[in-house]
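A quick write-up on the structure given underneath.
The values are calculated or read from the model by the stated rules, or taken from the named source; none is laboratory data. On a predicted model such as this, the values are computed, not experimentally measured, just so you know. Using ideal geometry, Cβ is built from the backbone for each residue, glycine included, and neighbour counts are taken over all protein chains shown.
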Amino acid sequence: MPELPEVEIFRQYFTETSLNQSILEVEINHPKVVRGHEEILKKLAGDQFTGAKRWGKTMFIETGHNHILFMHFGMTGNLNYYHSTVESPKYARVIFSFESGFKLAYVSKRMFGRLGVTKSIADYAKEKSLGKDALEITESEFTDALAGKNKNIKAALLDQQVTAGVGNWIADEILYQSGIYPTTRTRDLNRQQLITTYKKMQEVVKSAIAIDAVREELPAHYITRYGRKTSISCPGCSNTIERTEVGGRGTYACGKCQQIY
């Protein structure tokens with residue numbers, strides 16, 4: 001599933017390709033992904049996109065006529081900007097055609113993603129009970145939200161009501177870099193350990209954005225650089241990385257470098 005870094009890359013891609021162009025047509029190939037907003041989307045003809053923001057794993061698009069679109073990318077979502085002379089990408093569920101002759105496709109192979117319209121970004125965040133974005137939340141807000149909770153630290157990091165944007169592989173990397181085993185209860189972590197987790201969250205997310213979320217280009221001391229598998233050696237101690245399930249999610253960790261507190 002696209003996590004914060006991937007969605008930030010989508011946002012940058014969108015702003016570099018699709019802003020300030022007159023929209024000629026909106027083609028909806030599969031209504032399931034737009035949840036009843038078909039008529040509003042089709043009325044974007046003659047409008048243009050003026051800006052894009054991100055909150056957690058969701059991208060928001062502003063238009064000249066004050067509409068705000070949201071794009072959530074589900075497990076397999078993507079964006080594709082291409083010229084009209086080129087065949088549309090497979091699984092293009094919504095296509096925006098521009099006067100320039102280019103098109104932007106919202107691609108969703110398994111259709112778990114959603115595209116629609118919201119009154120405001122704040123309204124959307126409230127409706128979805130989103131916590132602050134992982135790059136916007138302050139150190140004190142983060143530590144206060146986690147301190148004393150009877151929840152394992154991985155589940156806490158994945159809880160979008162605590163902080164929005166962290167997904168499965170990012171959570172595993174944060175905890176590896178923090179030296180904390182995923183099943184550790186947040187109530188068993190002291191404030192300094194929570195501060196370390198916060199700092200590693202910022203570091204991991206920013207590192208992923210910097211390399212366009214291509215995991216093979218992550219730093220050599222990151223476990224996710226080597227793939228989601230158990231046949232790899234820990235870059236810190238050479239032990240084999242373990243795969244377990246935490247809260248129903250496949251979880252990768254080093255039993256030696258990461259401690260249960």
Check: Looking at (1) touching a residue at least 24 places away in the same chain (Cβ under 8 Å); (2) buried (at least 17 other Cβ atoms within 10 Å of the Cβ); (3) not charged (D, E, K, R), which is the only condition residue 255 fails?
Finding: (2)
Checklist line | Subset of the stretch 216-251 [crowded, with 17+ Cβ neighbours inside 10 Å and not in a loop (DSSP other than H, G, I, E, B)] | finding: 223, 224, 225, 226, 246, 251
Next item on the list: Consider residue 34 carefully, then state whether it is at pLDDT below 95, buried (at least 19 other Cβ atoms within 10 Å of the Cβ), closer than 23 Å to residue 111 by Cβ and of a type in the set (Val, Ile, Thr).
Entry: yes
Next item on the list: Report yes if residue 182 is part of a loop (DSSP other than H, G, I, E, B) and without any contact (Cβ under 8 Å) to a residue 40 or more places away in the chain, otherwise no.
Entry: no
Check: What residue, of 73, 96, 142, is of a type in the set (Phe, Trp, Tyr), in the same structural domain as residue 203 (by TED's automatic domain parsing) and buried (at least 20 other Cβ atoms within 10 Å of the Cβ)?
Finding: 142
